[in-house]
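Shown below is the structure under consideration.
The values are calculated or read from the model by the stated rules, or taken from the named source; none is laboratory data. Note that the coordinates shown come from a computational prediction; the quantities given were computed from them, not determined experimentally. Glycine gets a Cβ as well: all are built from the backbone with ideal geometry, and neighbour counts include every protein chain shown. Side chains are part of the model used for accessible areas, which takes the heavy atoms of the whole protein and leaves out ligands, DNA and RNA. Shrake-Rupley method; radii C 1.70, N 1.55, O 1.52, S 1.80 Å.
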Amino acid sequence: MNYQTFQPRPELSALIKCYWTLEGPEEEVPQQQTIVPDGCMEMIFHYGDLYKQYMDDGQAVVQPRSCVFGQLTKPLVIESTGTTGMFSVRFQYEGFIPFATIPIKEMDDKAVPLDQLFGENGSELEKNMLTSKTTEEKIQIVEEFLLRKLDANAIDKIVRSTIDTIITANGQISIGELSKQTNINRRQLERKFSSAIGLSPKQLSKTIRLQTTLKLLLNKEFTTLTALAHESEYYDQAHFIKDFKEFTGLTPKEFYGENLKMSFLFFGTD
């Protein structure tokens, strides 16, 4: 697989982490791949063959040709149906809210087609993206679209500053402390997060903490799994294993043994 990342223009950098492309040949035996929640929504265009997405009941559905994927609250299992060709916009944690046309929370764990979100404009964007020849053209097309749709008033300054606090703490901060620092009661803060991100402050904190832990694990920056749990400030080993399995579908030992080769794509590295 050939993966590349590209940076947005400065006026969109507060909302977009990066653009990325993924290309690869058809696999003789398609392998299921697990995407771990990272707190970021994505606008995805398949210019190659489509991917299947496995549901909780084990049934598979084919993803739309173009869509915005809402927040993941659990691991997502996908599988290629042929040649891979993908272009994606990875938004910042609260980066999609200025473009949203339906409540963010309703998009959790769903691939929402662009025409459902943006009507004829979404269909036109898909057509232009899929017929463009180069990545540079794709970036220009999607940036012009997003700048036209941008509603700067939708950005909540309290949500943004609270996210910065969570990131600085690597997710290791209580909701009570967040509420105290923002001088907003817990219930109000949770409502703001749900509207702007699709996750509660606690869910985002858990996601960021696990992402930090995963990077230590994948970079082998630990001595034992017990030490890894301690370094990530989990209450105990049982708490560490519970959170890890919730987000990856595997225990840390299973993940380390079978999935250490997982690429950036599946745990959200920019």
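Given the Cα-Cα distance of Thr224 and Asn2 and 0.36 nm per residue of separation, how much length would full extension add, in nm?
Stretched out fully, the Thr224 to Asn2 stretch lengthens by 76.7 nm.
Under 20 Å Cα to Cα from Lys105, which aspartates and glutamates show up? Leave out anything in the same chain fewer than 8 places away.
Those aspartates and glutamates meeting the cut-off are Asp38, Glu42, Asp56, Glu94, Asp115, Asp151, Asp156, Glu190, Glu246.
Provide the per-residue ³J(HN,Hα) series for the range 156-171, in order, calculated from phi with Karplus coefficients 6.51, -1.76, 1.60 and θ = phi - 60°, each as a whole number of Hz, with x at glycine and proline positions.
With the stated coefficients, the range 156-171 comes to 9, 5, 5, 4, 4, 5, 5, 4, 4, 5, 5, 5, 4, 8, 6, x Hz.
Per residue, what accessible area does the chain have, given a 1.4 Å probe and all protein chains present, in Å²?
Heavy-atom accessible area per residue stands at 49 Å².
Between the range 181-200 and the range 1-20, what is the C-alpha centre distance in whole Å?
Result: 27 Å between the Cα centres.
Starting from the amide H of Lys17, placed 1.01 Å from N in the peptide plane, find each other amide H under 5 Å away whose residue is 5 or more places distant or on another chain.
Residues meeting the criterion, in which the H sits 1.01 Å from N, are Arg90, Phe91, Gln92.
Output the pairs from Lys74/Lys157; Lys110/Lys157; Lys138/Lys202; Lys110/Lys215 with a Cα-Cα distance over 29 Å in this structure; if there are none, say none.
Over 29 Å apart, Cα to Cα: Lys138/Lys202.
Can you give me the % of accessible surface on the range 102-182 that is carbon or sulfur? Probe 1.4 Å, all protein chains present, nothing else counted.
Summing carbon and sulfur atoms, their accessible area is 47 percent of the total for the range 102-182.
So how strong a dipole does the chain carry about its Cα centre when Lys and Arg Cβ are +1 and Asp and Glu Cβ are -1, to the nearest 20 debye?
Rounded to the nearest 20 debye, it is 860 debye.
Convert each backbone phi in the range 216-224 into a coupling constant with the Karplus relation 6.51 cos²θ - 1.76 cosθ + 1.60 (shift: θ = phi - 60°), then list the ³J(HN,Hα) values in order as whole Hz, x for Gly and Pro.
4, 5, 5, 8, 6, 8, 7, 9, 9
Let me ask something else. ³J(HN,Hα) across the range 98-111 via Karplus (A = 6.51, B = -1.76, C = 1.60, θ = phi - 60°), whole Hz, x for Gly/Pro?
Whole-Hz 3J(HN,Hα) from phi for the range 98-111: x, 10, 5, 10, 9, x, 4, 4, 5, 9, 3, 6, 10, 9.
Would you grab the residues whose amide H sits under 5 Å from the one on Asp38? Only those 5+ places off in sequence or on another chain, please, with H modelled 1.01 Å from N.
The answer is Leu72.
What is the extension gain from Ile102 to Val62, computed as 0.36 nm multiplied by their sequence separation minus the C-alpha to C-alpha distance, in nm to one decimal?
Residue separation times 0.36 nm, minus the Cα-Cα distance, leaves 12.2 nm.
Once you list every other residue whose beta carbon is under 13 Å from the beta carbon of Asp115, what net charge do they have if Lys and Arg are +1 and Asp and Glu are -1?
Value of the local net charge: -1.
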